[in-house]
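One structure below.
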Amino acid sequence: MSYNVKNNVPPRISPHLARLVLVTFILTFIVTRVLVFLIMSRRIPDLYLHLGGTHVHHLNYGIFLLAGVGAYLLFWHPIGRNLEIVAIVYGSGMALTFDEFGMWLHLGGLYWQRASLDAITVLSSVFGLIAFAPSLKRFRFQHWAGAVIIAIAVGVFFFTLLESFRYVGKIVIPVLQEIEIMSPP
């Protein structure tokens, strides 16, 4: 944890910036998935960037955005409106990068890998907690009780969701795989 040298004060999490990151992250993920589906199903023209016959995946755009955000924060220390813009760019970069998390993990493979959706879900949850949860110092009994109840409910929900995904996956995955095979290179 770094401290403000002038005041010897630890940094605080900005709920406003965290909410900007969360909203941008979710919106970028949704827009990206919709565009990829529309391109792969040939409902809109091929918008992919191709360099030397290689399709440049959108995780690369995310990596460049995250590298730029890191450098900007490190060297220029933005404040105010510029910091809000950085939060928005960071949220977009994270979504573009983690939307293809399954491709990092398996070094290729299908776009519709479950690992990518899992990564997006986990990161959305973490960003949501950072944006809306009180600090642990302010947690009271009712916060802990609520957290336990939510954790149980989420566990039950994910178990039932996993079961439904297995059923739907038998029907939907072959269709998505065929769309990907027939999509532009």
- Message: Against the conditions (1) in contact (Cβ under 8 Å) with a residue 12 or more places away in the chain; (2) open to solvent by less than 80 Å² (accessible area, probe 1.4 Å), where does Val56 fall short? Just the number, please.
- Response: (1)
- Of all residues making up the range 24-53, the number that are small (Gly, Ala, Ser) and open to solvent by 40 Å² or more (accessible area, probe 1.4 Å): 2
- Between residues in the range 123-140 that are touching a residue at least 40 places away in the same chain (Cβ under 8 Å) and of a type in the set (Phe, Trp, Tyr) and residues that are open to solvent by 70 Å² or more (accessible area, probe 1.4 Å) and not in a helix (DSSP H, G or I), which pairs lie under 7 Å by C-beta distance while being six or more apart or on different chains? none
- Query: Does the range 102-118 contain at least one residue that is over 10 Å from the mean Cα position of the chain (by Cα), among the polar types (S, T, N, Q) and not in a helix (DSSP H, G or I)?
  - Reply: yes
- Query: Of Pro11, Pro78, which residue is surrounded by fewer than 20 Cβ atoms within 10 Å (Cβ to Cβ), more than 22 Å from Val175 (Cβ to Cβ), at pLDDT 90 or above and not hydrophobic (A, V, I, L, M, F, W, C)?
  - Reply: Pro78
- Message: Pairs please, first residue from the range 26-45 and without any contact (Cβ under 8 Å) to a residue 60 or more places away in the chain, second anywhere and open to solvent by 40 Å² or more (accessible area, probe 1.4 Å) and assigned to a helix (DSSP H, G or I), Cβ atoms under 6 Å, 6+ apart in sequence or on different chains.
- Response: Ile44/Leu38
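The values are calculated or read from the model by the stated rules, or taken from the named source; none is laboratory data. The structure displayed is predicted, hence computed values, not measured ones. Counting neighbours? That spans all protein chains shown, and the Cβs are built from the backbone with ideal geometry, glycine included. The protein model used for the area step is the full one, side chains on, heavy atoms only, and it has no ligands, DNA or RNA in it. Shrake-Rupley method; radii C 1.70, N 1.55, O 1.52, S 1.80 Å.
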